[in-house]
Amino acid sequence: MQALRLARPRVSLRSIQGVRSIAAAANASHATPAAGTSGSSAIPLSNVEAQWEQLSPEEQLTVHQQLEELQKKDWKALSIEEKKAAYYVAFGPHGPRTPTHKPGSTLKIFSAVAAAVGVTAALYFSIRSTAPPPPKTINKEWEEAMNQRAIEQKMDPISGIGAADYKGPGFVQHK
């Protein structure tokens with residue numbers, strides 16, 4: 001029990017209040033006035049697409065909060081730049097929507113897949129070429145003999161090969 005208490009991180013109420021006060025100060029310093037332009041904000045909303053990756057997570061959060069406040073207003077009153085910034089932050093190629101591969105890597109991926117398929121085909125045919133011949137029981141004559149033996153033993157007499165009106169191929173698979 002003592003080891004469990006030592007392993008658990010301790011978070012005091014003062015540290016939580018300190019984080020809240022820092023966040024409140026950051027939000028207050030980046031708050032947008034009613035017109036949507038901020039003189040104290042270091043991040044202009046007109047160029048969010050180009051700056052987004054260089055922004056720290058706190059600045060990204062601030063921009064996101066600014067845009068949430070802007071979107072509560074009438075959309076007709078928003079400028080084109082503000083609408084573009086809101087769209088980019090909501091649906092842009094960042095975070096979980098980051099592309100899995102870089103543009104132009106399609107040829108590299110295709111060649112890797114083609115090489116993997118080629119190696120697999122070479123391995124398949126090399127193993128197939130060294131395999132022993134098929135057993136003597138896999139030919140048409142042997143399968144016809146199996147049909148005759150099944151009829152003699154009246155195998156599956158209701159609906160199968162031993163039935164009086166059976167017209168199927170039985171065990172014959174080769175033509």
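The values are calculated or read from the model by the stated rules, or taken from the named source; none is laboratory data. Not measured: the values here are computed from a predicted model. Glycine gets a Cβ as well: all are built from the backbone with ideal geometry, and neighbour counts include every protein chain shown.
At a glance:
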quantity: Unmet criterion (only one of (1) modelled with pLDDT under 90; (2) not in a loop (DSSP other than H, G, I, E, B)) for Ala145; calculated: (1)
quantity: Search result, residues across the stretch 104-122 that are in a loop (DSSP other than H, G, I, E, B) and either assigned by TED's automatic domain parsing to the domain that holds Asn47 or at pLDDT 85 or above (or both); calculated: Ser105
quantity: Condition met for Leu70 (in a helix (DSSP H, G or I) and loosely packed, with under 10 Cβ neighbours inside 10 Å); calculated: no
quantity: Matching residues in the stretch 41-68 - criterion: being of a type in the set (D, E, K, R) and at pLDDT 85 or above; calculated: Glu58, Glu68
quantity: Pair list, Cβ < 9 Å and 6+ apart or interchain, from the stretch 119-148 residues that are under 24 Å from Val172 (Cβ atoms) to residues that are aliphatic (A, V, I, L, M) and not in a helix (DSSP H, G or I); calculated: Lys140/Val172; Glu143/Val172; Glu144/Val172; Met146/Val172; Asn147/Ile161; Asn147/Val172
quantity: The lone exception for Pro99 - which of (1) assigned to a loop (DSSP other than H, G, I, E, B); (2) at pLDDT 85 or above it fails; calculated: (2)
quantity: Exclusive hit being among the hydrophobic types (A, V, I, L, M, F, W, C) and closer than 30 Å to Ala50 by Cα, set Leu107, Leu123; calculated: Leu107
quantity: Boolean, Val89 is part of a helix (DSSP H, G or I), in the same structural domain as Leu45 (by TED's automatic domain parsing) and among the β-branched types (Val, Ile, Thr); calculated: yes
quantity: Condition met for Val172 (over 30 Å from Ser46 (Cβ atoms), without any contact (Cβ under 8 Å) to a residue 24 or more places away in the chain and either among the β-branched types (Val, Ile, Thr) or surrounded by 10 or more Cβ atoms within 10 Å (Cβ to Cβ) (or both)); calculated: no
